[in-house]
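The values are calculated or read from the model by the stated rules, or taken from the named source; none is laboratory data. The structure displayed is predicted, hence computed values, not measured ones. In this analysis, Cβ positions are derived from the backbone assuming ideal geometry, glycine residues included, and neighbour counts consider all displayed protein chains. Surface areas here come from the heavy atoms of the whole protein model, side chains and all, with no ligands, DNA or RNA. Shrake-Rupley method; radii C 1.70, N 1.55, O 1.52, S 1.80 Å.
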Amino acid sequence: MVGMKPVSDAGVTQGLSEILEAPDADAATKGFASFLQVMAAVGNPGEFQKMAETHKKAHPGLKENRQIDSQLKTAETDKRIKEKPLKLTFTSTEGKVIDLAKMRGKVVLVDFWATWCDPCVAEIPNVAKTYEKLYGKGFEIVGISFDQDEKKLAAMTKEKSMPWPHYFDGQGWKNKFGTEFGITSIPRMWLVNKQGMVVDTDGRDDLEAKIEKLLAE
């Protein structure tokens, strides 16, 4: 699933509440309004989980519930992944052994992405600019590719000037680390601090500022 940033707006939320309370709204309309209301709470994990459970009991057959289930799985992963230093070891597409444990003392962006993911590609200019600016100050990037065609991956990393190491196994959504870490949508950007701990599982917003703050710690 290609990831989308949740949108929350007071006016929209009020409108959804009115639909849910409307006596003449049919079950399908109310179910979809409830779904949208739940997804608007994604940024608040505790509230999202409560609302998701209530929604799924009220609207068990809604096809959009699959997206809620995916987001719940992501929330569980985000919580678990922050409990201890991240373990990540692999041989990059260029044959270099990458071990996150040996990168302690640096701030690392773990970027889950793919060449076929438009939002992922849209993030590349900002990521590349940040890398160029902060690499010399102790910033590193590790790419985890969900591609199935290594030639396309190699072509894009060259075209977009992405010199950091990439993991590729050609398994797409069955990617080794995607499966291990419960990645159900991309792009996902994890920020790892100097102690090897994942401190942010959504580095897309204010990426440069977040990294500079971690480098200063």
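Condition (residue is within 20 Å of Gln71 (Cβ to Cβ), open to solvent by less than 60 Å² (accessible area, probe 1.4 Å) and of a type in the set (Gly, Ala, Ser)) applied to the stretch 150-173: is it met by at least one residue?
No: zero hits.
Can you say whether Val199 is open to solvent by less than 30 Å² (accessible area, probe 1.4 Å) and either hydrophobic (A, V, I, L, M, F, W, C) or without any contact (Cβ under 8 Å) to a residue 24 or more places away in the chain (or both), as far as the supplied structure shows?
For Val199, the condition - open to solvent by less than 30 Å² (accessible area, probe 1.4 Å) and either hydrophobic (A, V, I, L, M, F, W, C) or without any contact (Cβ under 8 Å) to a residue 24 or more places away in the chain (or both) - is not met.
Take the stretch 42-99 and flag every residue that is within 18 Å of the chain's Cα centre (by Cα) and among the hydrophobic types (A, V, I, L, M, F, W, C).
Scanning the stretch 42-99 gives Val42, Phe48, Ile68, Leu72, Ala75, Ile81, Leu86, Leu88.
Condition first: open to solvent by 30 Å² or more (accessible area, probe 1.4 Å) and either part of a loop (DSSP other than H, G, I, E, B) or out of contact with any Phe, Trp or Tyr (no Cβ under 9 Å at 6 or more places or on another chain) (or both). Now tell me which residues in the stretch 120-141 satisfy that.
Ala122, Pro125, Asn126, Lys129, Glu132, Gly136, Lys137 - these are the residues of the stretch 120-141 that are open to solvent by 30 Å² or more (accessible area, probe 1.4 Å) and either part of a loop (DSSP other than H, G, I, E, B) or out of contact with any Phe, Trp or Tyr (no Cβ under 9 Å at 6 or more places or on another chain) (or both).
When you check Lys96 against the structure, is it of a type in the set (Lys, Arg), more than 21 Å from Gly138 (Cα to Cα), out of contact with any Asp or Glu (no Cβ under 8 Å at 6 or more places or on another chain) and open to solvent by 40 Å² or more (accessible area, probe 1.4 Å), yes or no?
No.
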